[in-house]
Amino acid sequence: MSAADVRVELPDADATREYGRALAGVLRAGDLVLLSGSLGAGKTTFTQGIGAGLGVRGRVASPTFIIARVHPPLAAGPALVHVDAYRLGSLDEVEALDLDTSLEESVTVVEWGEGLLESLAQDRLEVSIERPHGGLDAGAGENLDPDELDAAAGTRTVRIRAVGTRWAGVALPVVG
Ligand SMILES: Nc1ncnc2c1ncn2[C@@H]1O[C@H](COP(=O)(O)OP(=O)(O)OP(=O)(O)O)[C@@H](O)[C@H]1O
Ligand SMILES: [Mg+2]
């Protein structure tokens with residue numbers, strides 16, 4: 001574990017948003033954040049916090065069906081490009097979408113499937129979001145309505161691995 005790597009426990013969705021907001025404080029144009037975690041782990045919730053911290057326009061929601069959504073900055077600062085990587089082969093495909101911004105002038109946050117953190121770029125933050133106790137048993141979700149699924153939610157363990165020279169000497173936020 002390099003000096004920059006951190007592990008935090010986030011008890012609820014608000015705590016996860018708050019941590020994302022704090023992380024935004026160290027993000028700048030050109031940065032790439034890869035979020036891994038199973039379905040419903042909290043990747044979009046975390047991205048909402050990053051969006052709030054960056055001060056960007058629009059509600060950060062699941063980017064499903066659109067691959068990537070641009071949230072322009074409300075004032076000075078980078079845009080947020082929020083990417084759903086499930087159907088994505090590489091970041092070049094995002095550049096090819098002809099977004100209203102380039103990745104160099106944006107903070108790019110990619111919601112990635114579990115265990116798919118192949119390197120896309122030299123410099124990146126790899127964020128994994130997990131339920132420490134596994135959360136729901138496999139298959140249990142099929143018989144629960146959405147409210148019950150929410151009730152089964154709870155603490156997430158977030159680990160961040162900082163890769164590349166961009167992150168040398170950068171202190172990531174810690175909580176608790
Ligand atoms: N500590 C927590 N951190 C984040 N979300 C939490 C936490 N506790 C409960 N939740 C709930 O878990 C759900 C997380 O959903 P979210 O859409 O953020 O996950 P996701 O990883 O983006 O899912 P998907 O794989 O569908 O994209 C939300 O309903 C949120 O309120
Ligand atoms: Mg999501």
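The values are calculated or read from the model by the stated rules, or taken from the named source; none is laboratory data. Everything quoted here is computed from the prediction, not taken from an experiment. Methodologically, a virtual Cβ is constructed for each residue, glycine included, from the backbone with ideal geometry; neighbour enumeration extends over all protein chains shown.
Here is how the numbers come out for the structure above:
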| read-out | value |
| --- | --- |
| Filter result for Ala22 (surrounded by fewer than 22 Cβ atoms within 10 Å (Cβ to Cβ), touching a Gly at 6+ places or on another chain (Cβ under 9 Å) and assigned to a helix (DSSP H, G or I)) | yes |
| Positions within region 34-45 being more than 9 Å from ligand 2 (Cβ to nearest atom) and buried (at least 24 other Cβ atoms within 10 Å of the Cβ), in sequence order | Leu34 |
| Scope region 77-101; condition over 20 Å from Gly49 (Cβ atoms) and part of a loop (DSSP other than H, G, I, E, B); matching residues | Leu88, Gly89, Ser90, Ala96, Leu97, Asp98, Leu99, Asp100, Thr101 |
| Residue among Gly20, Gly58, Gly53, Gly42 that alone is of a type outside the set (S, T, N, Q), more than 12 Å from ligand 1 (Cβ to nearest atom) and touching a residue at least 24 places away in the same chain (Cβ under 8 Å) | Gly53 |
| Count of residues meeting criterion [at pLDDT 95 or above, away from ligand 1 (no atom under 14 Å from the Cβ) and among the hydrophobic types (A, V, I, L, M, F, W, C)] in region 23-39 | 4 |
